[in-house]
Amino acid sequence: SAMDLLPTMLQYPEHGILLPCATLTKTIASTIQGRERLQRGAILDALSSHFTTTHLDILEQVLLALLQLTISEDVQAEISSRSLIKELIKMMRTLKTDSYNLQLIALKIIHNCMSKPYIHTQLVKWNGIPCLFAAMLSGQKEAILIALSCLLELSIRDDCQESILSCRGIPSLISLLTSGSPDIACLSSSTLQRMASHNRLEQEMVKAGAISVLVKALSSPSLEVISSCLTCLVVLAANPQNLYMLIDGDCVTIVVSCLSIDNPSVQTEAAKLIQHAARSESILRQLEATDCVGLLLSLLCSENEGLITSVTAVLNCLADQEWFNQAIMKDDRWRQLLILSECGHEQVRYQVASIIK
């Protein structure tokens, strides 16, 4: 049948035959996806054999055909068992910087296959991470978002640290926090948050000034960006050695102001961050000069249990400060603590009992 002949036709070097065959493969991708495994594999091998072609029109059609094929999970699984990703990465490295469209299609192919864990292993093994960071430097929003989505999946792996450090990936991610695009800022902060679980990457983030840039991003009009950046700051602030980065400037004031944003997710993350920061004597003195106590008390009437738990945890951390006791007794809203001591869940009741004591 014509389908049986397709792998052979795709191996023809003649431009006049190969180009329409690659275009045909793209057009009938949905049919190919349902064929037998061996036949799909033969077509994938034939397509990948042209990654080194100097004819960019052929390469574009080959990549577009692969992109259509990789919509299928069966094809994704087939790709993960072959060396196609290795050859795709090699091809991406050889493309000129102005071959934006080809780079974008290649990125989309990789992104389609990211649901397969073995693809993650291949990307790290064949040094594909620098290609993802190179795409981020393209300045093209679509390419940046796709590259970030792939990096987000890879960032929890221990074996990706060396590659990220060697291509100076952390500063690139930090610079995207203030790119002006909420989508990009959210993905970059989420990726940084995951990377912070690795000690070496966390150290690099602090060294590169991630904390001050994350705090600056809290002025974003996007609630999603603010919440994402706060979550990343919470992870970094869990290490007491990083708290000195929050002392300078108006970092503490900015974080406290997030408590007044009418969004439980933002308020919860801000409370968690303040709880970590309160371990620093210098930050405690700065908190005294803010309306931190009043804002925290105003949140005790929330219906969000997670928020109440975070707020009572912060209040408990501050309870041994003289200025805190003076501030709380001037505000009638402290009586809500008495209600929570009776009606709150176990953890809240424990925190409240410690505060009252």
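Run A208 past the list (1) surrounded by 16 or more Cβ atoms within 10 Å (Cβ to Cβ); (2) under 17 Å from the mean Cα position of the chain (by Cα); (3) over 28 Å from L296 (Cα atoms) and report the number of the one that doesn't hold.
Only one criterion is unmet by A208, namely (2).
Being closer than 30 Å to I247 by Cα, open to solvent by less than 30 Å² (accessible area, probe 1.4 Å), in a helix (DSSP H, G or I) and touching a residue at least 24 places away in the same chain (Cβ under 8 Å) narrows it down to one of L192, L165, L151, so name that one. Steps first, answer last, please.
Working: L165 fails: open to solvent by less than 30 Å² (accessible area, probe 1.4 Å); L151 fails: closer than 30 Å to I247 by Cα.
Exactly one residue qualifies, and that residue is L192.
Since D183 meets every condition but one in (1) buried (at least 18 other Cβ atoms within 10 Å of the Cβ); (2) under 13 Å from the mean Cα position of the chain (by Cα), which condition does it not meet?
It fails just one condition, (1).
Could you check, for region 110-125, whether at least one of its residues is under 16 Å from I184 (Cβ atoms) and open to solvent by less than 20 Å² (accessible area, probe 1.4 Å)?
no
Just name the residue that is farthest from G139 (Cα to Cα) out of those in region 168-178 that are among the small types (G, A, S) and either open to solvent by less than 60 Å² (accessible area, probe 1.4 Å) or in contact with a strand residue (DSSP E or B) (Cβ under 6 Å, 6 or more places away or on another chain) (or both). First the steps, then the outcome.
Kept after step one, since they are among the small types (G, A, S), are these residues of region 168-178: 169, 172, 175.
Checking the rest, the ones that are also either open to solvent by less than 60 Å² (accessible area, probe 1.4 Å) or in contact with a strand residue (DSSP E or B) (Cβ under 6 Å, 6 or more places away or on another chain) (or both) come to 169, 172.
Numbers: G169: 15, S172: 12 Å.
Looking at the filtered set, the residue picked out is G169.
Which residues, counting only those in region 70-109, are in a helix (DSSP H, G or I), open to solvent by 30 Å² or more (accessible area, probe 1.4 Å) and either in contact with a strand residue (DSSP E or B) (Cβ under 9 Å, 6 or more places away or on another chain) or small (G, A, S) (or both)? If you could, list the steps in order and put the result at the bottom.
First, the residues of region 70-109 that are in a helix (DSSP H, G or I): 73-80, 84-94, 100-109.
Narrowing the set further to residues that are open to solvent by 30 Å² or more (accessible area, probe 1.4 Å) leaves 73-74, 77, 86-87, 90, 93-94, 100-101, 103, 108.
Residue satisfying the conditions is A77 alone.
For residues in region 303-331 being assigned to a helix (DSSP H, G or I) and without any contact (Cβ under 8 Å) to a residue 24 or more places away in the chain, which is least open to solvent (accessible area, probe 1.4 Å)?
Residues of region 303-331 that are assigned to a helix (DSSP H, G or I), as a first pass: 305-318, 322-329.
This time we only want the ones that are without any contact (Cβ under 8 Å) to a residue 24 or more places away in the chain, so: 322, 325-326, 329.
Values: E322: 133, N325: 68, Q326: 97, M329: 122 Å².
In this case the residue turns out to be N325.
Among the residues in region 223-240, are any open to solvent by 10 Å² or more (accessible area, probe 1.4 Å), more than 21 Å from the chain's Cα centre (by Cα) and over 24 Å from A327 (Cβ atoms)? Full working, then the answer.
Step one: list which residues in region 223-240 are open to solvent by 10 Å² or more (accessible area, probe 1.4 Å), which gives 223-224, 227-228, 231, 234-235, 238-240.
Retained after the next criterion (residues that are more than 21 Å from the chain's Cα centre (by Cα)): 240.
Cutting the leftovers down to over 24 Å from A327 (Cβ atoms) gives us 240.
Checked region 223-240: at least one residue is open to solvent by 10 Å² or more (accessible area, probe 1.4 Å), more than 21 Å from the chain's Cα centre (by Cα) and over 24 Å from A327 (Cβ atoms).
The values are calculated or read from the model by the stated rules, or taken from the named source; none is laboratory data. Fair warning: this is a prediction, and the values are worked out from it, not measured in the lab. Counting neighbours? That spans all protein chains shown, and the Cβs are built from the backbone with ideal geometry, glycine included. Side chains included, ligands, DNA and RNA excluded: accessible areas come from the protein's heavy atoms. Shrake-Rupley method; radii C 1.70, N 1.55, O 1.52, S 1.80 Å.
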